[in-house]
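**Q** Mind looking over this structure? Questions follow.
Each reported figure results from applying straightforward, stated rules to the coordinates on display, with no laboratory input. Fair warning: this is a prediction, and the values are worked out from it, not measured in the lab. Heads up, the Cβs are rebuilt from the backbone with ideal geometry, glycines too, and the neighbour counts pull from every protein chain shown.
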Amino acid sequence: MDSGFQWVPFYEAFADRLLEFKDKPGELFNVIKKLGSDQPLMKYLHFDREDWWGPRQYRIDPFSVMGVINRGTTVANRTLLAKILGDEFGVKIPEPTQFVGIPVLDNRRSFFVGDDEIWNLFAHALKSADTNTFSNEFKDAFDKAVAVKGNGLTYVTMGLFWIRPNVFLALDTNSRKYISEHYSVDLPSTHCTGSEYAEFLGALKNELDKEIPSLSFPEMSYKAWIERGGPSPVPRPPVEVPNTPGIDDKDKKLITAKNTILYGPPGTGKTYSAIQYAVAIVEEKSIAEVKREDYEEVFSRFLEYKDNGIIAFTTFHQSFSYEEFIEGIRPVVSPEEKADASNEIEYEIHDGIFKAFCDNAGKPVGGKADADLGIGKNPTVWKVSLERTGENSTREECMKKGHIRIGFDEYGENISDATEFGERGGSNVLNAFYN
């Protein structure tokens with residue numbers, strides 16, 4: 001697994017150490033309280049609030065403890081908190097420095113509710129993960145934990161994901177959206193039972209295992225965050241985009257991550273799958289949708305896109321160089337008429353496959369030889385400002401009537417042969433524009 005998922009073994013080991021406090025939650029409370037008194041990043045726990053902790057009988061649940069390193073803050077802060085907790089509880093695995101794929105708590109609500117219900121679920125979840133069986137005790141504990149007011153399905157499944165991320169999956173908004181768009185699995189409702197959650201996990205795991213390479217739950221969770229529009233697993237509030245002319249729904253698709261690495265030993269289908277992924281990107285479809293199509297039809301479209309220069313395919317080998325991929329100089333054989341004149345070797349700069357592909361992608365759409373756009377191959381493009389940006393009365397009139405005034409604004413509406421133009425107005429500007 002990628003180094004970005006180094007948090008997985010640390011979280012699992014941390015959960016194992018917390019299990020030792022199942023029958024002594026008051027002792028765990030005192031440990032966390034002591035750490036919180038020395039660490040400003042834990043002040044949100046407000047251990048000085050009797051009205052908070054008195055009703056809880058001065059006890060703290062394991063999910064709330066795990067939540068200390070799973071709030072919306074910087075990676076540096078989370079690494080520091082992970083080290084503090086790891087050292088205190090004797091976790092032998094080094095603290096993670098990346099936290100990709102982890103959904104985090106809302107900083108305004110960083111607690112779980114129902115100490116007994118959470119502890120019971122925590123213990124049965126770890127046992128179910130270790131035995132690879134979702135017991136009836138786990139399902140019952142799941143139902144009771146979700147039912148406690150203030151928890152809910154998203155938070156409870158998030159806590160389960162933290163303690164055994166390869167077994168449980170957080171049903172947050174992003175994961176739900178990603179699964180619905182990429183897999184033919186029925187998503188559980190927001191009021192699902194433990195039995196329905198366990199059944200869903202089994203069905204999703206079977207779907208993931210069909211892919212080459214198959215994804216783990218942490219990897220899928222990270223892909224869900226990536227597809228949402230950013231590399232950070234910390235959710236950001238939605239950005240409102242003004243209704244600007246020229247910006248449509250297609251622009252939003254540009255944020256979809258397309259950097260995909262398929263890995264595995266020889267013969268596992270990397271090339272086979274790469275063709276499907278390439279076609280899915282070009283046609284703006286989900287990979288699941290393309291995989292449901294007949295492969296021969298997909299391959300035929302792949303070849304067509306490749307012939308048209310939309311897809312480039314190359315095989316990297318051990319001697320593949322920068323010059324072949326980006327650009328480099330190559331020796332050129334002198335023409336016969338120059339052969340006697342000089343014995344020197346000539347060199348020319350040649351684009352590599354990647355640079356050539358990028359340069360081709362940067363050309364205007366429809367720039368092929370047979371495309372008739374009514375303009376030359378390398379036209380001179382002029383920008384004419386019609387008042388301010390956006391809609392205005394001048395722009396509306398010009399677009400509706402198909403005319404613009406270039407260099408005549410300062411002379412009013414009526415222009416005659418007697419009108420005197422300065423150096424920067426009238427026909428002088430028009431001639432410059434035309435020529």
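**Q** Take the Cβ-Cβ distance between residue 51 and residue 166 as r, set R0 to 56 Å, and report the resulting FRET efficiency rounded to the nearest 0.05.
**A** With R0 = 56 Å, the Cβ-Cβ based efficiency is 0.90.
**Q** Search the structure for amide H atoms under 5 Å from the amide H of residue 71, placed 1.01 Å from N in the peptide plane, and list their residues when 5 or more places away or on another chain.
**A** Correct list: 105.
**Q** Along the charge dipole of region 258-307, pointing to its positive end and built from +1/-1 on Cβ of Lys, Arg, Asp and Glu, which listed residue (259, 276, 295) has its Cα farthest out?
**A** Farthest towards the positive pole: 259.
**Q** Past the 30 Å Cα-Cα mark, which pairs from 92/127; 92/144; 24/127; 205/270; 22/92?
**A** Violating the 30 Å limit, Cα to Cα: 92/144.
**Q** Out of every Cα-Cα pair in region 3-228, what percent are more than 22 Å apart?
**A** 49 percent
**Q** Roughly how many nanometres apart are two label points built 7 Å out from the Cα toward the Cβ at residue 312 and residue 300?
**A** 2.8 nm
**Q** Highest mean first, what order results for 6-15, 141-150, 155-164, 286-295 on Cβ atoms within 10 Å?
**A** Highest-to-lowest ranking by the protection proxy: 155-164, 6-15, 141-150, 286-295.
**Q** Starting from the 7 Å offset along Cα-to-Cβ, what nm value, one decimal, do you get for the label separation of residue 176 and residue 354?
**A** 4.0 nm
**Q** Further, regarding this structure: Might you report the magnitude of the Cβ-based charge dipole of region 3-228 about its Cα centre, with Lys and Arg at +1 and Asp and Glu at -1, to the nearest 20 debye? Please list the in-between numbers first.
**A** Numbers: 26 positive and 31 negative charges, 115 e Å.
My answer is approximately 560 debye.
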